[in-house]
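The values are calculated or read from the model by the stated rules, or taken from the named source; none is laboratory data. Keep in mind it's a predicted model, so treat the numbers as computed, not measured. When we count neighbours, we look across all protein chains shown, and the Cβ atoms used for this are built from the backbone with ideal geometry, even at glycine.
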Amino acid sequence: MTQLKLARQGTVSPQMKHVADKERLDADLIIQRVAAGEIIIPSNVRHANLVPCGIGKGLRTKVNANIGTSSDSCDLDTELRKLQTAIAFGVDTVMDLSTGGDISAIRRAITHASTIPVGTVPVYQAGIEAIDNRGAIVNMTVDEIFAVIEEHAKDGVDFMTVHCGVTQASLVRLKKQGRTTDIVSRGGAFLMGWMLHRNKENPLYEYYDRLLELALEYDFALSLGDGLRPGCLADATDRAQIQELIVLGELVERAREAGVQTMVEGPGHLPLDQIITNVQLEKSLCRGAPFYVLGPLVTDVGAGYDHITAAIGGAIAAAAGADFLCYVTPTEHLSLPGIQDVKEGVIASRIAAHAGDIAKGVGGAKEWDEQMSRARKSLDWKTQAALSLDPELSREIHARIPASGTTCSMCGKYCAMAIVEKYLGISTPQC
Ligand code: SF4
């Protein structure tokens, strides 16, 4: 019985209760929104140590960190340290995007170690195994794709990106569109090559019911991938992207009818002024399904700082109603992220999500900032550090140049807080 089916019959599952308690919302509201498909709780029945997390309408905006090996860098210990770093800095989910080494063993180790929901993109593994065993992605069979999906499900993966909307019709639109960067999604590229070489429909679209059966059995959520997402500002909100989104909207409805939880993935690269429109389009075409945006990056020229370009876009998207942000690290477009990059990506994306939550009026968001402001006003450095997203860094920077009194070295004895306190007398700094 999936969370969606339980909600429809009015049963409060332990997962729903946990989400309601954590978000300080009424359990009835959570049930209603899970039943309507506006909230999902990705929780594979086989993920034993999972602490559930809700994604969707009215909930705190969630953040995902992508980890995993590549063909050029493969070390399980490093990936497990990335997982622990991401969790330590408050990420809500991780995706294991491993494409190097023993992909199954790495996924099992990450899922086993993870208390937060784990996502994957099974077509990566299916494509890589086809290359390893028979020389090319195009030799991947439909049964092999579904066997890998089932393997991920059995390993306890809580949500899977499936690029079901990359259809033959979408590819016709893509070719006519004449894009600058064509396809930047790895999963989308794998499937596009397979479809064009074989002149066949996308198996994840053609055999969608088979996918739904597996999702029903294990209650993993479908993350309907945007294989045709824009990979640069010039390709944003074009016909190919919207064609895919229309298909995804139809697939959301079929999943809901079957009792399967779904969310929808979105851009990518978007100019600032197109972000709100993209959120509205998804919410309208996909009937309120949770929206999971990859950034979005608001400029193409931020290499080395793309956690910042993505956080700018993420904040606007979250404020407009996006429910879930995929982090971007400083190494985006350049290299596989290291541990420090994971930390910076998580912090940047959490800032974006929180900024969005303040604008959305999510319970507790504004209050957090008010507590910080009161601590600043009273020059309470201990509380300021405790309330910050990175307490250790906050303490380290404050101590870098010691101040003579209880202020900081920015203004020293001319501290505005201390001067105003002296004449207005609200708090009691000792400087
Ligand atoms: S010294 Fe300046 S920056 Fe530091 S707490 Fe006082 S007003 Fe703020």
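Here's the yes/no breakdown for (1) touching a residue at least 60 places away in the same chain (Cβ under 8 Å); (2) in contact with a Gly (Cβ under 7 Å, 6 or more places away or on another chain):
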| residue | (1), (2) |
| --- | --- |
| 349 | yes, yes |
| 354 | yes, no |
| 366 | no, no |
| 370 | no, no |
| 395 | no, no |
| 424 | no, no |
With the condition kept exactly as written, say whether any residue in region 386-398 is in contact with a Phe, Trp or Tyr (Cβ under 7 Å, 6 or more places away or on another chain), over 30 Å from residue 20 (Cβ atoms) and within 16 Å of the ligand (Cβ to nearest atom). yes
Out of (1) hydrophobic (A, V, I, L, M, F, W, C); (2) modelled with pLDDT of 95 or more; (3) within 14 Å of the ligand (Cβ to nearest atom); (4) not in a helix (DSSP H, G or I), what's the single condition that is false for residue 336? (3)
Residues of region 48-87 that turn out to be more than 22 Å from residue 311 (Cα to Cα) and either among the basic types (Lys, Arg) or surrounded by fewer than 17 Cβ atoms within 10 Å (Cβ to Cβ) (or both), as a count: 12
Residue that is surrounded by the most Cβ atoms within 10 Å (Cβ to Cβ) [pool: residues in region 407-429 that are assigned to a loop (DSSP other than H, G, I, E, B), modelled with pLDDT under 90 and within 13 Å of the ligand (Cβ to nearest atom)]: 429
Can you tell me which residue within region 159-199, out of those that are among the charged types (D, E, K, R) and under 15 Å from residue 123 (Cβ atoms), is surrounded by the fewest Cβ atoms within 10 Å (Cβ to Cβ)? 198
Are any of the residues in region 191-201 among the aliphatic types (A, V, I, L, M) and closer than 12 Å to residue 162 by Cα? yes
Does region 106-120 contain any residue that is touching a helix residue (DSSP H, G or I) at 6+ places or on another chain (Cβ under 9 Å), over 28 Å from residue 391 (Cα atoms) and not β-branched (Val, Ile, Thr)? yes
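For region 151-187, which residues satisfy the criterion of being under 23 Å from residue 117 (Cα atoms) and assigned to a helix (DSSP H, G or I)?
151, 152, 153, 154, 186, 187
Mind checking which residues of region 82-107 are closer than 19 Å to residue 219 by Cβ and part of a helix (DSSP H, G or I)? Give the steps one after another, and end with the answer.
First, the residues of region 82-107 that are closer than 19 Å to residue 219 by Cβ: 92-96, 107.
Residue satisfying the conditions is 107 alone.
Taking the condition of a type in the set (S, T, N, Q), in contact with a strand residue (DSSP E or B) (Cβ under 8 Å, 6 or more places away or on another chain) and either touching a residue at least 40 places away in the same chain (Cβ under 8 Å) or within 14 Å of the ligand (Cβ to nearest atom) (or both), does residue 404 pass?
It is false that residue 404 is of a type in the set (S, T, N, Q), in contact with a strand residue (DSSP E or B) (Cβ under 8 Å, 6 or more places away or on another chain) and either touching a residue at least 40 places away in the same chain (Cβ under 8 Å) or within 14 Å of the ligand (Cβ to nearest atom) (or both).
Report yes if some residue within region 115-125 is surrounded by fewer than 19 Cβ atoms within 10 Å (Cβ to Cβ), under 29 Å from residue 346 (Cα atoms) and of a type in the set (Val, Ile, Thr); otherwise report no.
Taking region 115-125 and keeping what is surrounded by fewer than 19 Cβ atoms within 10 Å (Cβ to Cβ), we get 115.
Still in the running and under 29 Å from residue 346 (Cα atoms): 115.
Narrowing the set further to residues that are of a type in the set (Val, Ile, Thr) leaves 115.
Yes; the residues of region 115-125 include at least one that is surrounded by fewer than 19 Cβ atoms within 10 Å (Cβ to Cβ), under 29 Å from residue 346 (Cα atoms) and of a type in the set (Val, Ile, Thr).
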Count - residues of region 367-385 that are surrounded by 13 or more Cβ atoms within 10 Å (Cβ to Cβ), of a type in the set (Lys, Arg) and more than 12 Å from the ligand (Cβ to nearest atom): 1
Considering region 339-367, residues that are in contact with a Leu (Cβ under 9 Å, 6 or more places away or on another chain) and not in a helix (DSSP H, G or I), and then whichever is modelled with the highest pLDDT, we arrive at 362
How about region 237-286: which of its residues are small (Gly, Ala, Ser) and at positive phi? 259, 268
When region 204-252 is checked residue by residue, the ones that are buried (at least 24 other Cβ atoms within 10 Å of the Cβ), in contact (Cβ under 8 Å) with a residue 60 or more places away in the chain, touching a Pro at 6+ places or on another chain (Cβ under 8 Å) and not in a strand (DSSP E or B) are 220, 226, 229
Of the candidates 10, 37, the one satisfying the condition of being out of contact with any Phe, Trp or Tyr (no Cβ under 6 Å at 6 or more places or on another chain) and over 19 Å from residue 218 (Cβ atoms) is 10
Would you mind finding the one in 255, 289 that is within 16 Å of residue 223 (Cβ to Cβ), part of a loop (DSSP other than H, G, I, E, B), at pLDDT 95 or above and not β-branched (Val, Ile, Thr)? 289
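Matching residues to (1) touching a Pro at 6+ places or on another chain (Cβ under 7 Å); (2) touching a residue at least 60 places away in the same chain (Cβ under 8 Å); (3) polar (S, T, N, Q):
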| position | (1), (2), (3) |
| --- | --- |
| 98 | no, no, yes |
| 108 | no, no, no |
| 111 | no, yes, yes |
| 116 | no, yes, no |
| 123 | no, yes, no |
| 132 | no, no, no |
| 135 | no, no, no |
| 145 | yes, no, no |
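Within region 320-341, track down each residue that is under 19 Å from residue 361 (Cα atoms) and crowded, with 21+ Cβ neighbours inside 10 Å.
First, the residues of region 320-341 that are under 19 Å from residue 361 (Cα atoms): 320-325.
Passing the criteria: 322, 323, 324, 325.
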